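So the structure is just underneath, and the comments pick up after that.
The values are calculated or read from the model by the stated rules, or taken from the named source; none is laboratory data. These numbers were taken from a predicted model, which means no experiment stands behind them. Glycine gets a Cβ as well: all are built from the backbone with ideal geometry, and neighbour counts include every protein chain shown.
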Amino acid sequence: MKKHNFNAGPSILPQVAIENTAKAVLDLNGIGMSLLEISHRSKDFQAVIDEAVALFKELLAIPEGYQVLFLGGGASLQFCMVPFNLMNKKAAYLETGVWAKKALKEAKFFGEVNTVASSADKNFSYIPKGYTIPEDADYFHITTNNTIYGTEIHTDINCPIPLVADMSSDIMSRPVDVSKYALIYGGAQKNLGPAGVTFVIVREDVLGKFERPIPTMLDYRTHIKEGSMFNTPPVLPIFTIKETLKWIKSLGGLAELEKMNIAKGNLLYDAIDNSRMFVGTAEKESRSLMNICFVMKEQYKDKEDAFMEFAKGRGMIGIKGHRSVGGFRASTYNALPKESVEALIECMHDFEKQNA
Ligand SMILES: *Cc1c(COP(=O)(O)O)cnc(C)c1O
């Protein structure tokens, strides 16, 4: 039976990226050795990382003055590296979910943290608006897509101070005006590649602004100077990212992908909105195009487990909602085909016909 992979992360990747990674694991470019057994400093691997960086810059139209890094430690290490490198005395954070809270918690080790606005009052079901960004803070941190709650900041906001964004779960899902950000980071395992690598896009002029001793590995300048090769980088995930980016380019780039993502999102949100049984959990204008969260209406609550079983029987994988929201979450990342969304909708309709 065909599986429909709605996993939230690690998650579905383009089939061609997986196949080409598998080939490179057996024999990289016909050199008679595996990607796994060559030096990261060999010309064969240097070409891989160079192409990954070049594609990152090309697809996101990254302006001059920015560097693209591939590091270890996950997005979670960035929660501390960002304040270590950018926070002198004070930082501002937008609290839109669990990941934003975790980022905020790390920043508190380095100074004063101003929570500019929070949507905790409604279980993070919306993106706050109408807040004021304090101009005396060193930077403002946002989480563009809240993977757990299914909310997303769809536009690049104007920010009077350096803007830092965790884009773990919506990077490369739409064009982004990188010039509005000082730093963008994320774990690759949602929309780009396998677990094990973190991407960082950083504007070099925001670094080295004040005196704080920074351990070598936690200093962005180390990794910029060494081209992400101060230590051994995660070679296999970087290879897969390169393949994913080639696939994105072959489809026409981020503007095309955005159209595809909007089409998939509209299909599923329409089905939820028109359903007698299901209801979305995020406020309409804050809804994510990457993680679509829904529950059963109050009168059908006792049918949630039955639907999970029913959906499993139809090949639906990974649609259980995060425990802090409950219900269901369908992650509709770039690589998820429209057919999988259609199959889920049919599954919901059929269950509804039988049970409501
Ligand atoms: C998954 C996720 C993280 C955590 O990423 P790790 O690479 O596991 O540290 C952080 N932020 C967001 C928005 C996420 O979705």
Query raised in the report: Taking the stretch 152-184, which residues are within 11 Å of the ligand (Cβ to nearest atom) and either of a type outside the set (A, V, I, L, M) or assigned to a loop (DSSP other than H, G, I, E, B) (or both)?
Result: GLU152, ASP166, MET167, SER168, SER169, ASP170, ILE171
Query raised in the report: Hey, does the stretch 188-195 have a residue that's within 15 Å of the ligand (Cβ to nearest atom), surrounded by fewer than 23 Cβ atoms within 10 Å (Cβ to Cβ) and either farther than 30 Å from TYR269 by Cβ or under 23 Å from the mean Cα position of the chain (by Cα) (or both)?
Result: yes
Query raised in the report: Could we say that LEU257 is within 16 Å of LEU55 (Cα to Cα) and assigned to a loop (DSSP other than H, G, I, E, B) here?
Result: no
Query raised in the report: Limited to the stretch 327-337, what total is found for residues that are touching a Cys at 6+ places or on another chain (Cβ under 9 Å) and assigned to a loop (DSSP other than H, G, I, E, B)?
Result: 1
Query raised in the report: Taking the stretch 247-282, which residues are within 12 Å of ILE345 (Cα to Cα) and within 17 Å of the chain's Cα centre (by Cα)?
Result: GLY265
Query raised in the report: Looking at the stretch 49-86, which of its residues are acidic (Asp, Glu) and touching a residue at least 24 places away in the same chain (Cβ under 8 Å)?
Result: GLU51, GLU58
Report summary line: Scanning the stretch 59-78 for residues that are among the hydrophobic types (A, V, I, L, M, F, W, C) and more than 11 Å from the ligand (Cβ to nearest atom), the one surrounded by the fewest Cβ atoms within 10 Å (Cβ to Cβ) turns out to be ALA61
Query raised in the report: Is it the case that some residue within the stretch 226-245 is part of a loop (DSSP other than H, G, I, E, B) and closer than 21 Å to ASN20 by Cα?
Result: yes
Report task. Could you tell me which of the residues MET87, MET81 is hydrophobic (A, V, I, L, M, F, W, C), surrounded by 15 or more Cβ atoms within 10 Å (Cβ to Cβ), farther than 22 Å from GLY252 by Cα and within 20 Å of the chain's Cα centre (by Cα)? Result -> MET81
Report summary line: Of the residues in the stretch 234-290 that are in contact with a strand residue (DSSP E or B) (Cβ under 9 Å, 6 or more places away or on another chain) and assigned by TED's automatic domain parsing to the domain that holds GLY196, the one that is surrounded by the most Cβ atoms within 10 Å (Cβ to Cβ) is ILE241
Query raised in the report: Restricting attention to the stretch 310-318, does a residue exist that is in contact (Cβ under 8 Å) with a residue 40 or more places away in the chain, assigned to a helix (DSSP H, G or I) and either surrounded by fewer than 17 Cβ atoms within 10 Å (Cβ to Cβ) or not assigned by TED's automatic domain parsing to the domain that holds ASP273 (or both)?
Result: no
Query raised in the report: Which residues, counting only those in the stretch 87-112, are touching a residue at least 40 places away in the same chain (Cβ under 8 Å), under 16 Å from ASP138 (Cα atoms) and in contact with a Ser or Thr (Cβ under 9 Å, 6 or more places away or on another chain)?
Result: ALA92, TYR93, LEU94, ALA103
Report task. Kindly indicate whether any position in the stretch 335-347 is in the same structural domain as LEU257 (by TED's automatic domain parsing), within 29 Å of ALA255 (Cβ to Cβ), surrounded by fewer than 17 Cβ atoms within 10 Å (Cβ to Cβ) and within 19 Å of the chain's Cα centre (by Cα). Result -> yes
Query raised in the report: Just one of THR222, THR198, THR143, THR216 is farther than 16 Å from VAL53 by Cα and within 10 Å of the ligand (Cβ to nearest atom); which is it?
Result: THR143
Requested in this report: Scan the stretch 95-138 residue by residue and report those that are within 16 Å of the ligand (Cβ to nearest atom) and at positive phi.
Outcome: GLY97, PHE124
